[in-house]
Structures are given as structure tokens and as C-alpha cells.
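Presented below is the structure to which this report refers.
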Amino acid sequence: MIEIQPEEADALWGAISRLIDGRDLDTLTPDEFVDLALEANVLLPAELRRRVIEYRRYAPEGDVVLLRGLLPRDVAFPPTAEAPWARTTGAGQQAALLLTSVTVMLGEPFTYSSLYEGRIVQNMVPVQGMEFTQTSQSSTGILDWHCEDSFRDDRCDYAGLICLRGDPSAASMYAPVNAVELAPELVATLREPRYNVRPDPAHVLADAPLRRASILSGSDESPEIAYDTHHIAPDETDTEAAHALRELGAGLDKVAISHVMEPGDLLIFDNKRVVHARTPFAARFDGTDRWLMRSMICASALTYRRWGTRIPD
Ligand SMILES: O=C(O)CCC(=O)C(=O)O
Ligand SMILES: [Fe+2]
């Protein structure tokens, strides 16, 4: 955990506010927005910057890192955004820039054009009528174990979530794959490309690609994972692969770490090594609901250059 002091948070918020200087950040292109986040980055407390770089290099405390106390105590946010792609104003825009000023240290903030209208920072908010979907818009229903965008090879390396408004019932759940204990024959099965991966419904795609992939990859000491409870399945006849997948799900449950996000918390996780979920909560849809913002990061300069854009298709 990396904690900043209330005086530091106040000073940071003031400095970012002066940098914004009354501008409507929604008029910026995604590239201009990230350029401004780079300018804001140097305003962060030096120790926080050092620790985030240390996380990127060595992740000494594990593949999830929590930054606490980033927002001033008395900040007044507009009503909770009504959709992941909804535009916000004032302090809402400033929080998005603050989030990106941190995530920009890990690589290139990006998103996909098919996801939430291609917004570079997305609201993770409950949406009426979507209570039981397997997307961030759910609330009454659990958002089950998944990695962001497991259906893509070029899925984000990290995601950062900042909390503007919390909800005591909504716990963010994390399971580092290297902590999961599985019999070697199950691991061997999960390392074979015996699984079909579909996009999750947060994506709007004309013809949804079906990816054939393994669940686990990488070295034995440092395994990587692509997992999504509802969007990954083996062929119907492959009962061995189905069994391995069920055992993996049970293994994730066993090593789950739970954290209820509070305002000013910024949580970063390694999307190749950590699976995440969110517990159910009751939404009111009255502007006071839970509100997180998300920034996805491509840590590979090479991948980013290949895309040639911050919002690839
Ligand atoms: O709301 C959260 O805590 C996480 C949301 C999420 O994981 C997602 O939208 O993919
Ligand atoms: Fe997610």
C-alpha cells in the first residue's frame, strides 16, 4: 500500500486544478488528454512516483497495488455518471486526469473503439436495467471472475481504478494466479489451447471474434492468465478441459483478496497475472451510487506503435 497524506492530497489537487486552468477536458482528444496527464504526473508526490515505478519494475508487494488518500477530503463531485461513457464536469474530469497522471507511468493509457464508446477513461457505475449483466454496469448481480478483455491477445497489461464514491457492499476481489494451487495435470490442460474465448457484452462488435486460446501461459514461476467465468469455455465434448476450468475457478475463490474501495483509493492490478471480480451491491440510481473510473494501460511500446492509435479497433 502507498498512502499519501491529506496535506499532500490537498496540494496535489490544487496543483492539478491550476494545470487544468478552467479548461473543459472533454474538448481534448485522447492524445491531448494523455499529454496533459504527463504534465500532471510531475505534480505527484515524489515518493508516490518512486513507488509506482518500483511496482512496475519489481511489484515487491505483489501484482496488485493500492494507493490511498489521493483525493482531498472536501472535494465535491458532480452526481455519479449514468453510463461508462457519460461525460462529466469539474471535479469529475479532474479525477480522470489524476488517475491518468498515475497510470501514465506504467505505459500508454488506451482503450478499444468497441468498448464504452472508446472513452479513454471510463466510469465504472451501476446502470439501471443492467443490474445482472457481466459488465461494470451491474450491481444487484455479482461481477464474476474475469481479466479485462481476455478475448484479445493485446488486452491491457494493467488497469487502474480510482474511487470517487464508494459503496460498503461492493468489494473489489482479486486473485493473483501465482497463488492458486492446482495439480500439475490440471495446469498442463489449462496451458493447452483448448478454450474458446468470446468478447464480454461491454463490447459492441459487428462480428464477435472467437479466440482459441490457453488459459495459462508464461513460465511456471510466473504464470499468466486469460480468464472470464462467463465467456470462456472448452468444446462441449472436452470434459477434461471443462474440469480443469472448474478447478481453476475454485482455486481462484480460495486465494481471493477483498477490498472495499473508498474515495481517494487508486487500485492498480496486473491484468496478465491477476483475475478480478466485484461483489453485489444495491444501486439507487439517484446520483449517489458507487463511482469508480478506469484507465487501461498498454505497457508494451511495441504493441502501442503497432496499433498506431490510442483507440484501436
Ligand atoms: O467495479 C469494479 O470494481 C470493477 C469493474 C470491472 O472489473 C470491469 O468493468 O471490468
Ligand atoms: Fe474488470
Exclusive hit being more than 11 Å from ligand 1 (Cβ to nearest atom), of a type in the set (Phe, Trp, Tyr) and more than 29 Å from Gly69 (Cβ to Cβ), set Phe110, Phe151: Phe151
Among the residues listed as Leu252, Leu248, the single one being within 16 Å of ligand 2 (Cβ to nearest atom), more than 24 Å from Ala86 (Cβ to Cβ) and of a type in the set (A, V, I, L, M): Leu252
Single residue of Thr140, Thr133 found to be more than 12 Å from ligand 1 (Cβ to nearest atom), within 22 Å of His259 (Cα to Cα), part of a loop (DSSP other than H, G, I, E, B) and in contact (Cβ under 8 Å) with a residue 12 or more places away in the chain: Thr140
Residue match in the stretch 183-192 (condition: within 16 Å of ligand 2 (Cβ to nearest atom) and touching a Ser or Thr at 6+ places or on another chain (Cβ under 7 Å)): no
Flag if Phe77 is among the aromatic types (Phe, Trp, Tyr), over 15 Å from Leu292 (Cβ atoms) and modelled with pLDDT of 95 or more: no
Qualifying residue in the stretch 198-205 (condition: modelled with pLDDT under 95, more than 18 Å from the chain's Cα centre (by Cα), within 16 Å of ligand 2 (Cβ to nearest atom) and under 30 Å from Glu82 (Cα atoms)): yes
Any hit, the stretch 207-220, residues being farther than 22 Å from Ala96 by Cα, touching a strand residue (DSSP E or B) at 6+ places or on another chain (Cβ under 7 Å), modelled with pLDDT under 95 and surrounded by fewer than 16 Cβ atoms within 10 Å (Cβ to Cβ): yes
Every residue from the stretch 145-162 that is in contact with a Gly (Cβ under 9 Å, 6 or more places away or on another chain) and among the acidic types (Asp, Glu): Asp157
Criterion: touching a helix residue (DSSP H, G or I) at 6+ places or on another chain (Cβ under 6 Å), buried (at least 17 other Cβ atoms within 10 Å of the Cβ) and either among the basic types (Lys, Arg) or touching a residue at least 60 places away in the same chain (Cβ under 8 Å) (or both) - qualifying residue of Leu252, Leu182, Leu190: Leu182
Residue satisfying condition, being more than 13 Å from the chain's Cα centre (by Cα) and within 30 Å of Glu3 (Cβ to Cβ), within set Ala277, Ala283, Ala250, Ala301: Ala283
Check on Gly92, more than 13 Å from ligand 1 (Cβ to nearest atom), outside any loop (DSSP other than H, G, I, E, B) and either touching a residue at least 24 places away in the same chain (Cβ under 8 Å) or of a type in the set (Val, Ile, Thr) (or both): yes
Count of the stretch 16-46 residues which are assigned to a helix (DSSP H, G or I), farther than 13 Å from Leu70 by Cβ and not polar (S, T, N, Q): 16
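The values are calculated or read from the model by the stated rules, or taken from the named source; none is laboratory data. Because the structure is a prediction, the values reported are computed rather than measured. Cβ sites come from the backbone with ideal geometry, for glycine too, and all protein chains shown count toward neighbours.
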